[in-house]
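No value in this document is a laboratory result; all are computed from the given coordinates. The structure displayed is predicted, hence computed values, not measured ones. All Cβ positions, even for glycine, are placed from backbone atoms using ideal geometry, and neighbour counts span all protein chains on display.
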Amino acid sequence: MSQDRPLRCVLDDDIMEFASPPPDVTFAPRNNTASVTGENSSQFHPRSPTRTSGSGMKESSPLLAPRVEHEYGFFENHFPEDPDFQETIRKAEEAIDEGIYPERIYQGSSGSYFVKNCDMKTIAVFKPKDEEPYGQLNPKWTKWMHKLCCPCCFGRSCLVPNQGYLSESGASLVDQKLQLNIVPKTKVVKLASETFNYSAIDRAKSRTKSMISERYPNVGRRFHRLGLPPKSGSFQLFVNSFKDADYWLRRFDSESLPESSAKRFQHLFERLVVLDYIIRNTDRGNDNWLIRYEIAKSSTTDSDWSLVENPEISIAAIDNGLAFPFKHPDEWRAYPYHWAWLPQAKLPFSQEIKDLVLPQLSDMNFVQDLCDDLFELFKTDKGFDRPTFEKQMAVMRGQILNLTQALKDGKSPVQLVQMPVVTVERNKGGAIGRVRTESDTFTQSFSHRAPFFSWC
Ligand SMILES: Nc1ncnc2c1ncn2[C@@H]1O[C@H](COP(=O)(O)OP(=O)(O)OP(=O)(O)O)[C@@H](O)[C@H]1O
Ligand SMILES: [Mg+2]
């Protein structure tokens with residue numbers, strides 16, 4: 001009898017799972033676009049669970065979050081608007097099915113994984129939400145100690161905890177919208193793998209279900225899912241032949257770049273500044289962006305780079321999980337942009353970057369569109385909180401305001417980061433969502449509290 005009990009629990013639990021969602025969960029309305037395009041209903045995006053009561057707000061303290069997202073049934077990683085991305089995620093799923101599992105990146109502070117294809121080639125980086133530094137299943141014991149012994153110093157008080165995966169894909173969204181093309185494409189997906197960090201209960205449940213299906217196939221057929229539960233997280237395409245910016249910046253110090261490469265690098269650097277400033281990245285060290293510099297085409301062994309034929313330079317802004325704060329950093333640390341110390345930051349913004357971003361950034365409709373797109377992304381999180389999101393957007397609008405002014409005034413990145421920070425709040429009378437009305441008004445305010453450790 002007592003041996004029966006766990007089995008029954010597993011069965012009941014699973015049957016409940018596909019019978020009906022928990023009472024406080026409703027599903028977001030279906031996307032209308034599918035009916036316009038005449039798509040079959042089975043091709044719809046999976047709907048995301050949203051909570052009807054205030055209980056979803058508990059996610060604001062995610063360490064206490066009672067449940068995880070994967071409880072809500074079927075899902076599909078479906079990105080019809082981006083066939084290349086779709087193909088990559090399909091290859092990742094195929095490899096996992098073949099037993100080629102994502103591999104943990106050991107140097108990182110959270111549970112991050114190199115995802116492979118069937119040829120064992122790394123094709124993406126996956127960061128599950130529940131393995132982030134604040135997540136319930138963060139696998140790093142140093143972070144656990146940190147959380148336990150020094151909770152007041154843990155994390156960044158200006159960021160929404162446990163939403164790093166949204167910040168990663170939000171950065172990619174901003175990058176695409178402004179055509180900066182420096183962030184490897186990043187979207188939220190769900191994956192399951194033996195190598196992810198799961199609770200003992202999840203592993204036991206999965207083992208029991210497999211055992212039951214093997215022994216009693218009729219009962220097993222009633223489980224809608226075998227195996228470990230999929231995790232939500234950010235999935236970023238892997239870029240090849242790049243090295244940490246730190247490595248190349250040191251080399252550029254001692255051996256200067258050919259003129260055309262230096263000009264290209266300056267422009268790409270300015271794109272990075274634009275991205276980081278808009279999303280108010282609090283973690284842009286020189287290890288969190290990558291540079292690729294192709295010097296292999298040289299026909300000579302001489303290390304003089306002027307002899308390199310068509311040297312190509314590119315940058316990739318990775319690790320964007322600590323951005324989109326809901327207030328400007330104003331407490332213990334300033335979270336500086338480390339690029340501000342580079343010589344490239346002393347030059348005024350170029351005409352090229354102004355031409356690329358100024359028309360959009362000066363257009364209020366474009367900025368509101370950007371906020372609306374971020375809303376669509378961020379609201380998919382179980383802990384989504386509208387007032388907090390509005391604060392995040394107020395910071396972002398303030399950053400855009402400063403950046404626009406700096407570009408118009410011909411300032412340099414160093415001068416930009418010295419401008420007093422601003423927030424621009426949308427007033428409550430305004431319409432919610434994409435609808436824009438005459439009543440949309442904004443309030444601009446300057447922040448007076450400087451961070452305790454100021455850096456300039
Ligand atoms: N998209 C990518 N393409 C190529 N390499 C990547 C990519 N993303 C990450 N890497 C490599 O993996 C390393 C760790 O990645 P990342 O910094 O994003 O992880 P993390 O777990 O957030 O680490 P931490 O928080 O400690 O910086 C990077 O230094 C880089 O070398
Ligand atoms: Mg990093």
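What to note about this one:
- Segments 202-209, 413-420 sorted - mean Cβ within 10 Å per residue, highest first: 413-420, 202-209
- Förster radius 35 Å - calculated FRET efficiency between residue 440 and residue 418 (Cβ-Cβ, nearest 0.05): 0.70
- For residue 241 and residue 87, the FRET efficiency from 1/(1 + (r/R0)^6), where r spans their Cβ atoms and R0 equals 22 Å, is about 0.60.
- Protection proxy ranking for 335-346, 183-194, using the average of other Cβ atoms within 10 Å per residue and placing the highest first: 183-194, 335-346.
- Paired Rg and Dmax values of the range 343-403, which use every Cα atom, in angstrom: 14.7, 43
- Length gained on full extension, residue 200 to residue 263: 17.3 nm, using 0.36 nm per residue less the C-alpha separation.
- Multiplying the residue separation of residue 76 and residue 341 by 0.36 nm and subtracting their alpha-carbon distance yields 91.0 nm.
- Label-reachable residues, the range 174-214, where backbone N falls under 12 Å from a point 7 Å from residue 105's Cα toward its Cβ: 184
- Extension gain, residue 362 back to residue 379 (0.36 nm per residue minus Cα-Cα distance, nm): 3.5 nm
- Beyond 30 Å in Cα-Cα separation lie the following of the pairs 187/354; 116/354; 263/408: 116/354.
- Here residue 256 and residue 179 are evaluated by their C-beta separation; at R0 = 30 Å the FRET efficiency comes out at 0.55.
- Between residue 216 and residue 97, the distance separating the two model label sites (each 7 Å from Cα on the Cα→Cβ line) works out to 2.9 nm.
- Highest to lowest packing among 165-175, 111-121, 92-102, scored as the average C-beta count within 10 Å: 165-175, 111-121, 92-102
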